[in-house]
Every structure is written in C-alpha cells, then in structure tokens.
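Just below is one structure, and these are the notes that go with it.
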Amino acid sequence: MPRRTSITLAAATALLALAGCATDAPQDTWAPAGENAQRIHNLQWPIFAIAGVVLLIVSAVVVFCVIRFRDKGQPMPEQTHGKPALEILLTIIPALILVGVGIPTVSTIFELAKTDDTECVINVTGQQWWWEYDYPAQQGCGGIAEPIVTSGQLVLPVDAKVLLRLTSRDVIHSFWIPKLNGKRDTVPGRVHTLRLQADEPGIYAGQCTEFCGLSHANMKMEAVALSKADFETWKANQIAPYASPEAGTLAAAGEATFTANCSYCHQVNGLATTSPSGEVTPVLANPDEFVVSGAVPNLTHLMSRNTFAGATWDLLTEECRDRVWNAPPDQFGALYLQGVTPECLNEVDLREWLRNAPAKKPMFASDAQKAESGGKVRGMPYLALSESQIDEIIAYLLERK
C-alpha cells in the first residue's frame, strides 16, 4: 500500500474515532443523566481503557513483527515448537483480564436488574411504530387515582425510581433511552422490566433498537422528567374533564370532523355525540377492528406532548422546540407544561401527516401484505381529507391539552 494512502486512511480513522467521542448528543451514552446510566458509564470507562491498552500493545507487536520479520528473500527459518513459558503466560494474562472485566460486569448487570426499590409503575407497550405509556391506578407516582394513557413521551418524576413493565403487541421491539439506562427488548406475550431514574428535569431521547418493520427508524421515544410539583400538575392535566369547543368555532366543526373520520381508531376521553332528542352517547374507538396491532395513540391530550406519529415528528416548531429542550432545569417544567400553543404548532408536518400519512411514514410493503391482514392497516391509513377538513381537525386538536 502506498505510503500516502496509508497516512490518509490513518487520518480518516482518527477523525471518525474523534467524531464518535462527541458529547452531549441527544442519545449520548457517555453523558449519563440517571443512576442506572451512571452505573453503565462507570463500568464502560475502565473496560474501554483496558481494551484500549490491549489494542495498543497488540498493534505495536503486530507492527514490530511486520517490519522486523518482513520477507527479504531469506531462506525459511528453522521451525520450533515454541516456548511453553511464554505460551502459558500469554494464556494466563488474557484470562486475568477477562476475570477483571467479568466480575464488575456481572455485578453491574445484577444492580441494573433490581426492581424492588422502585416507587412508580408504568406499563410500556411497543407496536408498529410507536410506544404506548399506561399509568395504572396506584399509590406510587405520588398517587394516581385513575389510569392515564398516553404515547410518544414517557413522563416521570425526577429522582423517582420508575419501574417500566415492557411488552409488545406485534413484533419484538427494543426500548432504549441511553442517558437513563441500557436497552431492553419488548416481546409479545412477555413482560420485561426496566428501572429508570432521571437526575434533573429535561427531555431524554431514545430509539427502538430492534428491527421491527418498514418504519423501524421512525420509532422513537422521549422521556420527560419533571419536578415532583410539575409532575403533579401534569397528572392533573391528563385526567381533567373533557371540554367541548365553543359552538360555532372552527374547533367545533373539527370535533364533528374528527368524530366522523378519526374516532373509529383514536380515543379522546370524554368525546360524545348528542342526538336530536338530547341523548348523549360516548364516542368509543374500536382500533382492534381496523388496525393490525389493535391499538392506536390516545389523542385525549395530544397537545400536551411535543411529538406525534411515534415521536417521529415534532408538534413544536424548531424555534419553540429548541426553547423547551435547552431550557434550564428550573425553567423546563413550566415551558413543557404549556403544551403546544397555536404560535408554536409545527403545522407543516402535521398537515402532511393528515393529508397522507402512509406517504410520510412507510407502513405496508405492498397491497398484498395489506390483504393478508384481512384489510386491517398497519399504522394510520390515507383518509382523503380535504384541506378544509384538515383545518378543522387541527383547530380541534389544538384544544386537546
């Protein structure tokens, strides 16, 4: 290999290595923000250090041998059976290194698996291609009187050890928020547990890390850590009674349009229809009749979240998103609890989604695959909404906080 090419490859490798060391990225495993992530961090640093020393030694020996014993046209050297003392030494040293790495690794794994000290329970369900978060009624989490169901953003109180009970409705997914803990698979028919704890208020990004279909790359998640007081406010908002839009407004028209087009699958708690005789009938979604997984995101308080469509797109404009994400910990809760205001709404992506969701997020590989599922869709279907209907639905959704 020409000398110049070798130097170029070495420089490129070094630059890539340095780029991989960048800190404070949204999914940075080297910037722990919770007790469990810190345990992983404390383990990986010495292991990487040991691996780095081994790499340097092995590389130096290889380079020395390549240069010192390169072929110069000399006759074949005399063959020997080696040196037993050296062979034994080179067996014992790696064994000791593995024992030194293995003991703290096993200890850390057991620490991460602990769940008997958790204070709050949240059920997490993976499906193609979004995450559902179900807060059952419980004494933990400061007390939850009635269940809360949400999606996209997992909201938890700061400094609380939260037990996640993970499962899946369709295929295997993998839940991973690097700054808070390691990854854990979600498997249909099984419940796996994971303990999360966040040190300070903020948003922590994650990603499904098990290939789960066409939109695997579009299956993200965010954990939102709030102070205890802000978490109480969030809970109160989530169980607040439904308020119908003011009669005669665009949002009121949107309520009717939503009921006619979206309520077959999407639940909005408290939404009801009134007959001419005055009889009130709750509008209940039946996603099991239309969707392969049998579930879709609950939209009761959609605009209290920052994302939609499996946390793939932001409900906030870039400017407003940056303001929330980069807020100081003592100011974060107030900004997050504002929800999505009309001036901060990312209307471009939301309109594109309502206009043609399958074109924005791949779902079915072919029409034949859709036929195999009995006509049920995998993800949100194309609804053929008019622009005026989209205006009405957006106006209605803006009031879902």
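A short reminder: the numbers here are calculations on the coordinates, not readings from a lab. Computed from a prediction, not measured in an experiment: that's the story for all the values here. Quick reminder, even Gly has a Cβ in these numbers, built from the backbone with ideal geometry, and neighbours come from all protein chains shown.
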(request) Mind running the shape call on segment 152-296? Use the C-alpha gyration tensor, a ≥ b ≥ c as the square roots of the eigenvalues: rounded below 1.5 for a/c, prolate if a/b tops b/c, oblate otherwise. (result) oblate
(request) Please identify which residues in segment 224-254 have an amide N closer than 14 Å to a label point set 7 Å out from the Cα of residue 159, following the Cα→Cβ vector. (result) 226-231
(request) Please give the contour-minus-distance gain from residue 64 to residue 273: 0.36 nm per residue of separation, less the Cα-Cα distance, rounded to one decimal in nm. (result) 67.1 nm
(message) Among 85-91, 191-197, how do they line up by average Cβ neighbours within 10 Å per residue, starting with the highest?
(response) 191-197, 85-91
(request) Please build a GNM for the chain, connecting alpha carbons under 10 Å apart, and tell me which residue among 243, 205, 33 fluctuates the most. (result) 243
(message) I need the calculated FRET efficiency for the pair residue 172 and residue 383, taking r as the beta carbon distance and R₀ as 30 Å, to the nearest 0.05.
(response) 0.50
(message) Taking 0.36 nm per residue of sequence separation and subtracting the Cα-Cα distance, how much length would be gained by fully extending the chain between residue 192 and residue 116, in nm to one decimal?
(response) 25.9 nm
(message) What percentages make up the Cα-Cα pair-distance distribution of segment 98-146 when the bins are 5 Å wide from 0?
(response) 5, 16, 14, 14, 14, 13, 11, 8, 4, 1
(request) Give me 353, 130 ranked fewest to most by other Cβ atoms within 10 Å of their Cβ, as a rough exposure proxy. (result) 353, 130
(message) Just to be sure I understand: with springs between alpha-carbon atoms less than 10 Å apart, which residue in 187, 296, 58 has the highest mean-square fluctuation in the Gaussian network model of the chain?
(response) 58
(request) Compare the peptides 319-328, 387-396 by average per-residue count of other Cβ atoms within 10 angstrom and give them in order, highest first. (result) 387-396, 319-328
(request) Any chance you could run the full-extension gain for residue 322 through residue 95? It's 0.36 nm times the residue separation minus the Cα-Cα distance, nm to one decimal. (result) 76.8 nm
(request) Divide, for segment 53-102, the radius of gyration over alpha carbons by 2.2 N^0.38 Å, where N is the residue count. (result) 1.53
(message) Looking at the chain as a GNM with Cα springs under 10 Å, which of 109, 93, 40 has the largest mean-square fluctuation?
(response) 93
(message) Over all directions, the average projected area of the alpha-carbon convex hull for segment 242-303 comes to how many nm²?
(response) 4.7
(request) Return the sequence-ordered ³J(HN,Hα) values of segment 165-172 in whole Hz as given by the Karplus equation 6.51 cos²θ - 1.76 cosθ + 1.60 applied to θ = phi - 60°, using x for Gly and Pro. (result) 9, 9, 8, 9, 9, 9, 10, 6
(request) Please go through the residue pairs 360/401; 161/360; 114/376; 179/361; 179/376; 179/360 and name each one whose alpha carbons sit more than 31 Å apart in this structure. (result) 161/360; 114/376; 179/376
(request) Note down the nm distance, to one decimal, between modelled labels 7 Å out along Cα→Cβ at residue 27 and at residue 138. (result) 2.6
(message) For segment 118-401, give me the percentage of DSSP beta bridges that are antiparallel, rounded to the nearest 5 percent.
(response) 70
(message) Just want to confirm a number: the relative contact order over the chain, from Cα pairs under 8 angstrom separated by 6+ residues, in percent.
(response) 15
(request) At a temperature of 37 °C and a viscosity of 0.692 mPa s, determine how fast segment 118-401 diffuses translationally according to Stokes-Einstein, using the Kirkwood radius over alpha-carbon pairs as Rh; express D in µm²/s, rounded to the nearest whole number. (result) 169
(message) Suppose only helical runs count, i.e. DSSP H with n ≥ 4. What mean residue ellipticity at 222 nm does that imply for the chain under -39500 (n - 2.57) per run, divided by all residues and rounded to the nearest 500 deg cm²/dmol?
(response) -12000 deg cm²/dmol
(message) Below 15 Å, Cα to Cα, which aspartates and glutamates can residue 228 reach? Residues fewer than 8 away in the same chain don't count.
(response) 119, 159, 199, 200, 330
